[in-house]
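Peer 1: Mind looking over this structure? Questions follow.
Rule-based calculations on the coordinates, nothing more; no lab input. Since the model is a prediction, treat every value here as computed from it, not as a measurement. Don't worry about glycine lacking a Cβ; one is built from the backbone with ideal geometry, like all the others, and counts go over all protein chains shown.
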Amino acid sequence: MEGWEAILIALGGNAVLIASLAFLSKLLISEWMKRTTIEHQVVFSKLHEKRADAVSNIYLGLDKYLSDCKSFVLRAEHVPEDEIDDLLIGLSDSASEFRGMFQKNKLYLKKDLCAHVENVFKNSQMPSYQFIFSLGAYAAENITEPEYRVEWEKAFKIFNEEVPSLLNELENEFRSLLGSENYS
């Protein structure tokens with residue numbers, strides 16, 4: 001074998017070896033990137049699922065709170081005085097339940113939606129308490145019926161307008177998480 005043939009064989013063998021190593025390196029890097037991408041998608045999918053569960057829990061908690069509040073406002077003046085305390089305890093329990101549910105899940109809400117939920121909940125508390133106080137004052141004949149009706153209307157308006165609009169906002173957030181906002 002001549003010198004130049006030996007050189008060509010040596011260079012050709014090295015070229016094949018280098019090409020093989022390059023191919024294997026590319027294959028390993030590609031597999032590593034696929035695995036990393038899949039792991040990221042799994043983590044993101046779990047987080048997405050937790051967000052959907054959190055929004056759903058807040059929605060259901062707020063819906064129950066709204067139902068209990070509306071029931072109280074509509075029934076309170078027609079319930080015998082000895083049963084008012086039970087209604088008040090139920091209303092307080094409902095508010096505490098919602099507050100606990102919200103605190104446990106609020107981390108998964110967008111900041112502006114979280115602030116809106118907190119604001120509506122806080123704003124619903126004062127008309128409720130004022131209505132409760134006016135109900136007692138009206139029953140004791142310390143205020144007139146028109147004064148009582150003003151407080152009743154404030155409480156009813158909160159639970160008939162503001163809280164339901166927040167429920168709609170939470171529903172829209174849930175649907176957007178599911179990618180189904182067009183199917184409402």
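Peer 1: Tell me the label-point distance for the pair VAL150, SER176, using the 7 Å Cα-to-Cβ offset, in nm and rounded to one decimal.
Peer 2: 3.9
Peer 1: Moving on to the next point. So what is the 222 nm mean residue ellipticity for the chain from helices alone, if each DSSP H run of at least 4 adds -39500 (n - 2.57) and you divide by all residues, rounding to the nearest 500 deg cm²/dmol?
Peer 2: Numbers: 5 runs with 156 residues, N = 184.
Only helices count here, giving -30500 deg cm²/dmol.
Peer 1: While we're here: Using a simple charge model, +1 on the beta-carbon of Lys and Arg, -1 on the beta-carbon of Asp and Glu, nothing else, what dipole does the chain show about its Cα centre, in debye to the nearest 20?
Peer 2: Numbers: 19 positive and 29 negative charges, 226 e Å.
That gives a dipole near 1080 debye.
Peer 1: Among GLN130, GLN103, GLN41, determine the one that fluctuates most according to a GNM of the chain built with springs between C-alpha atoms less than 10 Å apart.
Peer 2: Result for the chain, Cα springs under 10 Å: GLN41 fluctuates most.
Peer 1: Moving on. Exposed loop sites here are GluC sites (Glu not before Pro) in DSSP loop states with at most 16 other C-beta atoms within 10 Å. What is the longest stretch of the chain lacking them?
Peer 2: 3-140
Peer 1: At a threshold of 8 angstrom on Cα-Cα distance, excluding pairs fewer than six apart, so keeping six or more, what relative contact order does the stretch 101-184 reach in percent?
Peer 2: Numbers: 34 pairs, mean separation 24.1, N = 84.
About 29 percent, as a whole number.
Peer 1: Now a separate question. For the chain, how big is Rg over Rh, using alpha carbon atoms and the Kirkwood form of Rh?
Peer 2: Working: Rg = 32.2 Å, Rh = 21.2 Å.
Reported Rg/Rh (Cα atoms, Kirkwood Rh): 1.52.
Peer 1: Hydropathy first: keep DSSP H helices in the chain averaging at least -1.0 on Kyte-Doolittle, then drop any whose Cα extent along the axis falls short of 27 Å, and list what survives.
Peer 2: Working: long enough: 3-75 (107 Å, 0.38); 81-105 (37 Å, -0.54); 111-139 (42 Å, -0.01).
Span-like helices here: 3-75, 81-105, 111-139.
Peer 1: Hey, another quick one. Between ASN142 and ALA52, what FRET efficiency follows from the Cβ-Cβ distance if R0 is 30 Å, with the result rounded to 0.05? It would help to have the intermediate numbers written out before the result.
Peer 2: Working: r = 49 Å, r/R0 = 1.64.
Efficiency, from the Cβ-Cβ distance: 0.05.
Peer 1: Given a Förster distance of 22 Å, report the FRET efficiency between GLU161 and LEU74 from their Cβ-Cβ distance, rounded to the nearest 0.05. Mind dumping the intermediate values first?
Peer 2: Details: r = 15 Å, r/R0 = 0.68.
Working from the Cβ atoms, E equals 0.90.
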